[in-house]
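First comes the structure, then the notes that go with it.
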Amino acid sequence: MLLEVTKSIHGAWRIARMDPDALSFFDLTIDGFWRSFAAIFVVAPFYIIFLMLSFSHQPLMHVADGPQTAIEWYIIVKSVTFAASWLIFPLVMVPVSRLLDLTETYVPYIIVWNWANVLEMAVILPAVMLFLSSALPGQTGAITLMVAHISMLFYGYLVARTGLKCKMVTGVGIVAFNFVLSLLFNGLASRLL
C-alpha cells in the first residue's frame, strides 16, 4: 500500500507538471478506486493542523448570548464535514458523469481526484501558515494565500481534464461544481459551530 501511496502522490505531482503520462502512476482498477480513499488518512493530520491554526486566528466564535466555541468542537465539526464532502463528491459525480457521458472515465477521475487532494493540502497548508504567522510583510501573506488557492483551482481543472479526459469547458464546470459543493459544506459546518 505504501508503494501505491507514493506512486499515486507522484502521479498527482506529474499532473501538476502537465505530464501526458501522469495516469500511468495510478492504479486505475476498481481496487485502486477503493484504495484511493485512503488518501484522506494522508491528508487528515495536515487538515487538523490547518484547523488548529485557523481556529487560533479567528475572532471568538460563539452563539448569540452563548458560550465560545471550544477548539475540540470546532475540529470535530470541521473534520466531519470535510470527510463528508470528500465522500459525497464522488457520489454526486456518478449522475453528473452519466449526464456528461463520462462514465468510462469516472473511476480514473475519482482515483486521481482523491490523490490530488494530498498535493492540494501540501500547497495550501504552507500558504496558510505563512499568512497566519505574519512572516511576510504587508499584504504579501494574503496574496500568497490567494495565489495558492487560485493555483489549486487550476490544478483541479488539470485533474478533471486528465482523469475525465473531458473538454475544457467540462473541466471548468467540474471544478466550479466542486467549489460550490465545498462552500455548501463549509456553510453547513459554520451553522453547527
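Where a number appears in this text, it was derived from the coordinates with a stated rule and is not lab data. As the structure is a prediction and not an experimental result, all values here were calculated from the model. Here the Cβ is made from the backbone with ideal geometry for all residues, glycine too, and neighbour counts use every protein chain on show.
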Across the chain, how large is the tail of the calculated P(r) beyond 27 Å, expressed as a percent of all Cα pairs?
32 percent
If I take R0 = 22 Å and measure r between the Cβ atoms of Ser24 and Arg98 in this structure, what FRET efficiency does the formula 1/(1 + (r/R0)^6) give, to the nearest 0.05?
0.25
Work out, step by step, the length gained on full extension between Leu192 and Met52: first 0.36 nm times the residue separation, then minus their alpha carbon distance; give nm to one decimal.
48.7 nm
Separation of the Phe154 and Phe37 label points, Cα + 7 Å toward Cβ, nm
3.3 nm
Longest principal axis of the chain (C-alpha) makes with the long axis of helix 103-133 (C-alpha) an angle, in degrees to the nearest 10, of 30 degrees
